Amino acid sequence: MGWQSGSKHILVIGAGVTGLTAARSLVEKGYKVTILEAKSHIGGRVQTERTTGGATVDCGASYLEGRIGNPMTKEVEAAKLALSACDSMIDVIESADSSMTRSSIFGAYQKLEQIKEIAGMACYMQEKDMSFADACGDKLEDPSMRFAANSYCLPMTGAELHKVGVIGSHAGLKETSGGDLLVTNGYGQLAQHLLPAEAELKLNCPTESITVNESGETTVVSSKETLVGDAVICTLPLSILQLP
Ligand SMILES: Cc1cc2nc3c(=O)[nH]c(=O)nc-3n(C[C@H](O)[C@H](O)[C@H](O)COP(=O)(O)OP(=O)(O)OC[C@H]3O[C@@H](n4cnc5c(N)ncnc54)[C@H](O)[C@@H]3O)c2cc1C
């Protein structure tokens, strides 16, 4: 941004980890920040629930996927979250669903890589994208392929296979390494850590429209109120922004 933070007011749309991280870094630089979130809670696709017995259940993200190269590593470390090396997701699936085995799932992931490469190449050449579901075709009848395709696409894009294009599905992905680590007491703790105390948080406030006038003044209309700021950062997943 070309101007000084001073009293500039930034509106951040969405209180998932992206919105919270943006808000945190803006607050640290001295900006006034308002976060607008559609739901009654923060976290977005990071959501930890507790059972009556006190066990944690992550309904969204649960792993720090690769300590090296993952922008969340420094936040997880700053929040002093307990981590454990864990590669048990496939074991759980294997025992819960007899139609899938460790090797059938690994095989499906390999096939998926080939499909992405071949279909991606064809799309580039024809200058026309196709949905992930169409690229996989009848291979999705295989439960392991269905699992692999969904577990690749849905967490990353927030959208179903028929709504995600092959070309965009892996655009901008950064490679990480160092193995997956389970955030032992729930990944949701990260969202709580990221929320800056100095930011204004407006829950149950779905944004309906964003307009920027010639002088750069930004107006965000939500179902509850209209807010005017100096800039807006919209962190909604593309799958939401693409809705008519
Ligand atoms: C089942 C599952 C498992 C996953 N596992 C992992 C994992 O182990 N490790 C990992 O790193 N990642 C994992 N992911 C992916 C990870 O959860 C996401 O990449 C990440 O949480 C995305 O954060 P985000 O802030 O970009 O988007 P989101 O979390 O989608 O946040 C967007 C926010 O915007 C809000 N919003 C929507 N519409 C509006 C509106 N009109 N106005 C205002 N607010 C609005 C939403 O309510 C939401 O809070 C998983 C995802 C899923 C679904």
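Some values worked out for this structure:
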read-out: Cβ-Cβ under 6 Å pairs, at least 6 apart or on other chains, region 111-129 side small (Gly, Ala, Ser) and exposed (fewer than 11 other Cβ atoms within 10 Å of the Cβ), far side in a helix (DSSP H, G or I) and at pLDDT 90 or above; value: none
read-out: Filter result for Leu64 (within 10 Å of the ligand (Cβ to nearest atom), over 28 Å from Ser151 (Cβ atoms) and buried (at least 18 other Cβ atoms within 10 Å of the Cβ)); value: no
read-out: Checking Ala23 against (1) away from the ligand (no atom under 15 Å from the Cβ); (2) in contact with a Pro (Cβ under 7 Å, 6 or more places away or on another chain), the condition it does not meet; value: (1)
read-out: Count of residues meeting criterion [of a type in the set (A, V, I, L, M) and surrounded by 20 or more Cβ atoms within 10 Å (Cβ to Cβ)] in region 130-158; value: 4
read-out: Failed item, numbered, when Val57 is tested on (1) away from the ligand (no atom under 11 Å from the Cβ); (2) at pLDDT below 90; (3) exposed (fewer than 14 other Cβ atoms within 10 Å of the Cβ); value: (2)
read-out: Scope region 33-54; condition more than 6 Å from the ligand (Cβ to nearest atom), surrounded by 17 or more Cβ atoms within 10 Å (Cβ to Cβ) and either of a type outside the set (Val, Ile, Thr) or over 21 Å from Thr235 (Cα atoms) (or both); matching residues; value: Gly43, Gln47
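The values are calculated or read from the model by the stated rules, or taken from the named source; none is laboratory data. Owing to the predicted nature of the structure, the values given are computational and were not obtained by experimental measurement. Glycine also receives a Cβ, built like all others from the backbone with ideal geometry; neighbour counts cover every protein chain displayed.
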